[in-house]
Every structure is written in structure tokens, then in C-alpha cells.
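Following: one structure in C-alpha cells, then a few remarks.
Any read-out appearing in this document is the output of simple, stated calculations on the displayed coordinates, not a laboratory observation. The structure displayed is predicted, hence computed values, not measured ones. Please note: Cβ atoms are built from the backbone with ideal geometry, for glycine as well, and neighbour counts cover all protein chains shown.
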Amino acid sequence: MPRVNVKYKFVKDAFIDFIKLIEFQGKKADFQNDYIGDNQYEGKVENVSVMDQIEIEIEVAGVTDAECTLEASIVKIRKTGTNDDGSPKYSEVGETKQIVGLPIHLKVLNNSIYYVKKHTIKWV
Amino acid sequence: MGMKKLILLGLFSFILITIQGQVLMQDAEGHSSIVSPGGTVTIDISEGLIKTNYYSGPNDNKRGIMWGVDLQGKNSSGVASLFSSGDFSPNIEMSGLFGVYFSKINYGKFSKKVTQLENNKRSIEQRRPDIIDNLESNVKPIFQKYLDEIQKIKPANKTYTRLKSLSDSYTYYKVSEVQKIIEDVATDNPKINASTADQVKVILTNLINDIQSNRFTKEFNIVDSEIDLINKKLKSFKNDSVNYSLKAKPYVRFGLNTNNFTHDNGIDSLTLESRFSEVLDTKGFIELGLTLRLNNVFYGIALGYSGVSNFSALSKKTYKLVTVDTTLSDGDLESTKEITAYKGEFAELSKYYLNIDVIYLKSLGKSSKNYIGFGGYLRSNFYSDTDILKDYTSLGLNISFINGKEGRFLGGFYVQSNDIFSQNQKIFSKTISFGLTVKFAFKTLSFY
């Protein structure tokens with residue numbers, strides 16, 4: 001099955017003060033550890049199972065009208081061995097693939113905003 | 001000081017340099033009970049105040065810890081004296097802050113339903129990788145078998161290409177796409193004869209039947225539609241207008257306040273040494289505070305205890321010490337030394353205080369990143385001995401402009417009564433101070 005790593009970048013206004021979730025196909029982004037400064041997050045969500053679409057879920061809270069943007073792309077991974085603890089080891093293979101409909105721009109309404117949508121992967 | 005100069009100082013009293021931070025509210029003393037991540041440098045010309053602070057951040061998670069430091073220098077002789085070694089009385093305040101924060105989105109009457117749906121979704125999501133695995137290992141080979149059959153029929157080249165792209169784009173499980181290909185067999189392949197077209201259609205129809213009846217395809221489609229249904233409900237519940245969000249930051253702040261000055265011990269002293277003494281007045285303080293954002297309103301409240309002296313009630317005097325040198329044969333030589341000292345009985349006492357800040361933020365328009373803030377603050381101070389220092393309450397109102405994208409303070413206006421109940425100053429108009437807050441960008445520094 002196609003397993004992918006999702007590379008994402010999330011930029012938010014300072015008045016968004018709570019990121020409840022950023023998920024790709026149900027897998028959470030570890031945004032706490034992906035903070036790069038200036039209200040920006042950049043990281044990777046590994047080993048996500050997808051077919052032709054990837055579900056993106058974002059929920060944030062803050063002051064009304066504050067905005068955020070999510071950009072993401074995927075790269076296929078392949079099992080290339082085993083880690084010391086016996087778990088499968090994956091390596092990225094092939095080109096980075098784009099996701100249709102990105103970047104996602106959101107504006108806080110009623111002090112929070114929830115976004116969930118399936119986005120088609122540009123495999124070919 | 002002339003009136004014009006006083007007005008100018010009042011108008012341009014604050015210069016705030018914000019470094020990736022928010023300055024939502026600050027009184028004339030540079031204090032706020034609203035704690036926001038980031039760093040600021042404040043220069044208040046009229047108050048002779050320089051303040052720098054840093055609060056950890058961002059605090060975007062559901063819960064976590066936070067910390068911060070403040071360092072403030074203040075001088076009654078004006079800001080310039082803070083940089084010189086003149087006869088000024090520097091007041092240094094340094095403090096540390098430790099706290100926690102909690103964030104919450106409340107879905108009101110939908111709360112239980114949202115939790116239930118989220119749990120359902122999570123359990124389905126956990127099954128999804130296996131379901132996709134099954135699709136790939138069981139359904140894809142079926143698709144591949146039919147694809148190979150179509151490849152052998154040369155006049156159906158275009159049909160093969162379209163079918164292959166379904167495989168390459170992982171949409172082979174979507175029979176509706178195969179149905180479209182069946183409908184287009186004749187138009188896609190102009191040179192194909194009727195019987196070959198029929199043969200292709202039969203193969204593709206068998207493909208549809210095989211995929212449709214496969215239990216792994218059924219399982220995938222069921223899970224997919226279950227998730228679609230959950231998402232639809234979640235979207236409607238979570239984006240309902242009755243929802244609200246809040247962020248709470250309870251904290252403890254503690255620190256030291258030092259004041260260094262020369263004290264005039266009074267006329268009973270017979271020598272210069274006994275008349276004037278250097279006093280290093282160091283006092284500690286501790287406060288419990290809470291910053292709360294509820295929707296678009298920020299609230300701050302802090303209750304504190306502080307050791308204080310009556311330094312502010314002492315009167316400032318400047319003396320001249322004249323020494324005459326009579327050793328010269330052709331005249332007397334006089335040397336003059338100025339001594340600035342504070343006169344009055346020096347006393348130490350306790351202060352209890354209550355600080356409240358409120359600010360409401362309103363966006364300045366759909367295309368603007370800027371917000372206008374309407375705020376107010378209250379500072380109530382109660383002393384252990386009101387014969388020495390009288391209780392007083394300050395009240396301030398301000399309007400400020402803030403860039404919501406960067407959380408940068410842009411400027412604003414404040415008016416403050418230093419003694420709203422006229423406990424120290426009977427003429428109310430004399431308790432009022434006002435100022436324009438201006439901001440200078442300091443983009444070369446970044447704390448994060």
C-alpha cells in the first residue's frame with residue numbers, strides 16, 4: 001500500500017493561541033516540537049497510509065479574524081530494513097508529490113475554526 | 001519645566017520596542033497582569049522608565065508551562081539620568097514568573113456528541129491502514145489482471161492508458177471511474193470495431209463486478225463513508241456560532257525591588273558622615289495572577305504582597321557643602337560639593353495590591369491584519385500603616401492598535417488617574433496623566 005511521509009508548514013497569526021490539532025489522515029503533527037519561530041511550524045508526519053486522497057484536519061482557536069495557512073506535500077516511503085528495536089525501517093523514495101487544493105487558508109470565526117477535507121494527491 | 005515641554009513629554013511618553021511579542025496592556029508604571037509570549041523593550045520618557053521583559057512561547061498547546069523575566073529601571077529624575085552617574089535615585093525591579101496554561105474550545109450543547117464522534121473517528125482511523133493494505137494486496141491484483149487483458153487488445157490503446165492511470169493514481173477501487181471508461185470506449189478508440197469494443201466493455205464490466213463484490217473494497221468504501229459522515233457532523237458542531245474558546249494562564253510572579261538613595265538624617269547630626277547615609281532599600285514582592293482570554297477579550301488579575309518603604313513620601317533636597325582652603329598666602333580657596341539627599345523619617349511597611357486589566361480586541365476589517373483594543377486597568381494599593389502611606393487606587397483607560405499577525409503593538413493612547421478616589425490628592429484633575437504610546441520596530445532581534 002502507498003505509505004507516505006507528509007511534509008508540512010503551518011503559519012499562523014499571533015492571535016491564534018491554541019492549535020488543537022493538525023492531522024493528516026488521522027495522524028497528528030507533532031507541532032509542539034516543529035516550532036521554528038515567528039509563529040511558524042515546519043515538520044514531517046511519518047508513515048501515513050493513503051490511496052488517492054489524503055484527509056487534512058485543522059482546528060485552532062484565538063481572536064476572531066486571525067488567520068493561518070497550511071502547506072503540505074508528500075513523498076512515498078518504502079521499507080528498507082529493520083530498526084534495532086525490530087520495527088520496520090522506511091526510506092523516502094521518488095519525487096515529492098503535490099496535494100490538490102493547497103495551501104489551505106483559514107480565518108478564525110467565532111473564536112475557533114475547524115477544517116476537515118479530503119484532498120486529492122497528484123500521483124501522476 | 002515649561003508647559004509645552006511637559007505636554008510633549010506626556011504625549012510621547014512611551015516608546016515600545018516589541019520583539020515578536022504582544023503588549024496588550026501596560027500602565028504608566030510599566031505593569032500588566034496580562035501575560036503574553038514574546039519580548040518587549042519599553043522606554044517611558046516622562047516616567048523615566050526603561051523596562052525589558054521576555055515571556056516564553058508560543059503557548060499554543062492544550063496545556064503547558066510558561067516562564068518569564070522582567071527587568072525595569074526607573075528614575076524620578078528622568079530617563080536620561082538612568083544612563084549617567086549623576087545624582088539620581090535608581091529604582092531597579094527584577095522579577096521572574098512561572099505559570100501554566102490551559103486552552104479550551106467549548107462546543108456547548110454539542111460537547112458530548114463531539115467527544116463521541118472524535119472517539120469513533122479515532123477508532124476507525126486506527127483500522128484504516130490495515131484496510132488500505134488489504135485493498136492493495138487483494139483488489140489491486142484483480143485490477144491488474146483485467147488491465148493486462150485490455151493491454152493485449154491493441155485497438156483499445158486509449159482505454160488501456162486511462163485504465164493504467166487509475167492504477168497509477170490509486171483510484172482503481174473507484175468503479176465509477178471504470179464506468180466512465182466503458183462509456184467512452186468507442187470515442188476513445190476511433191479505429192476499434194464494434195465486436196472488439198463489446199469485448200472490451202465485457203472485460204471492464206467483469207472488472208467492475210469483481211471489484212464491487214470484493215469484501216475489501218466494500219470494507220474500504222464503508223469506512224470511507226463512515227468517516228465522511230462523522231466529518232460532516234463534526235464540521236457542523238465544531239463551527240457552530242455558540243461555541244467559545246478560552247485560554248487561562250495562572251502564574252506566580254516574584255522579585256525584588258531595590259532603591260538606592262542618600263538619606264538626610266536630620267539636623268541633630270554634627271558631622272557630614274552622620275548627617276547623610278547611603279540607603280540600599282531592597283524589598284521583595286510576590287503575586288498570584290491569572291491571564292484569561294475568553295473569545296476576543298483578555299482579562300488579567302493579580303493579587304500581591306510587597307514590602308515597601310516611604311521613599312516616595314520623602315522630600316528631595318539639594319545641599320551645597322562649602323570647604324574653605326586657607327593654606328594659600330594670596331587668598332582663600334572655596335570648593336563646593338552638591339549633595340542630593342532625601343529628607344524625612346524613613347519607614348518600612350507592607351503593601352497589598354490588586355491589579356486588574358481588561359482589553360477587548362476588534363479587527364479593523366476583513367483585509368486588515370490590525371486590531372483596535374479598548375482597554376482599562378485598575379491598580380489598588382493598601383498599606384499596613386496608612387499614617388505613613390495612604391491607600392490609593394489608579395484607574396486607566398486606553399485605546400491601542402495591534403498587528404494581529406505578528407502580535408506587535410503599533411501605538412495607542414492612554415489616560416490614567418493616579419488616585420481615582422482622591423485619597424492622597426484632593427484635586428482630582430491633578431491625579432490625571434495621559435500619553436501617546438508609540439512603537440519602534442526592532443526587527444533585527446528575535447527571541448525564538
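Here are some notes:
- Ignoring aspartates and glutamates fewer than eight residues from B:Lys337 along the same chain, the ones with Cα atoms less than 13 angstrom from its Cα are B:Asp87.
- Neighbour-count ranking [beta-carbon atoms within 10 angstrom, fewest first] of A:Thr96, B:Thr262: A:Thr96, B:Thr262
- For region A:3-120, the relative contact order is 33 percent, taking Cα pairs closer than 8 Å that sit 6 or more residues apart in sequence and dividing their mean separation by the residue count.
- Net charge of Cβ neighbours under 12 Å - reference A:Pro103; Lys, Arg +1; Asp, Glu -1: -1
- With neighbours defined as other Cβ atoms within 10 Å of a residue's Cβ, the residues A:Ile113, B:Ile50 order from fewest to most as B:Ile50, A:Ile113.
- With helices as the sole contributors, the protein assembly as shown gives -6500 deg cm²/dmol at 222 nm; each DSSP H run of n ≥ 4 counts as -39500 (n - 2.57), and the sum is divided by every residue.
- Between A:Arg78 and B:Gln116, the FRET efficiency estimated from the beta carbon spacing at R0 = 30 angstrom works out to 0.20.
- In this structure, the pairs whose alpha-carbon distance is over 30 Å, taken from A:Lys97/B:Lys174; A:Lys44/A:Lys107; A:Lys28/B:Lys238; A:Lys27/B:Lys180; B:Lys362/B:Lys390, are A:Lys27/B:Lys180; B:Lys362/B:Lys390.
- Taken along its principal axes, the alpha carbon cloud of chain A reaches lengths of 48, 33, 21 Å, longest axis first.
- Computed from label points 7 Å out along Cα-Cβ, the spacing between B:Asp198 and A:Lys97 is 3.9 nm.
- Computed E for A:Gln40/B:Leu303 - FRET, C-beta separation, R0 41 angstrom, nearest 0.05: 0.65
- From largest to smallest, the equivalent ellipsoid semi-axes obtained for region B:109-238 from the alpha-carbon gyration tensor read 38, 15, 10 Å.
- Shown for the protein assembly as shown is the translational diffusion coefficient from the Stokes-Einstein equation, using the Kirkwood radius over Cα pairs, a temperature of 10 °C and a viscosity of 1.306 mPa s: 54 µm²/s.
- Span from the region B:173-242 Cα centroid across to the region B:303-349 one, whole angstrom: 93 Å
- For region B:109-238, averaging the sequence separation of C-alpha pairs within contact (under 8 Å, six or more residues apart) and dividing by the residue count gives a relative contact order of 36 percent.
- Residues in region B:98-125 reached by a label modelled at B:Ile286 [backbone nitrogen below 18 Å; 7 Å Cα→Cβ]: B:98-100
- Cβ neighbours within 10 Å from other chains - mean over B:162-170: 3
- Gained length - B:Ile65 relative to B:Tyr319, 0.36 nm times residue gap less alpha-carbon distance: 86.2 nm
- Ranking of B:Thr258, B:Thr40 by count of other Cβ atoms within 10 Å, fewest first: B:Thr258, B:Thr40
- Computed over region B:310-377, Cα set: Rg, Dmax in Å: 28.2, 86
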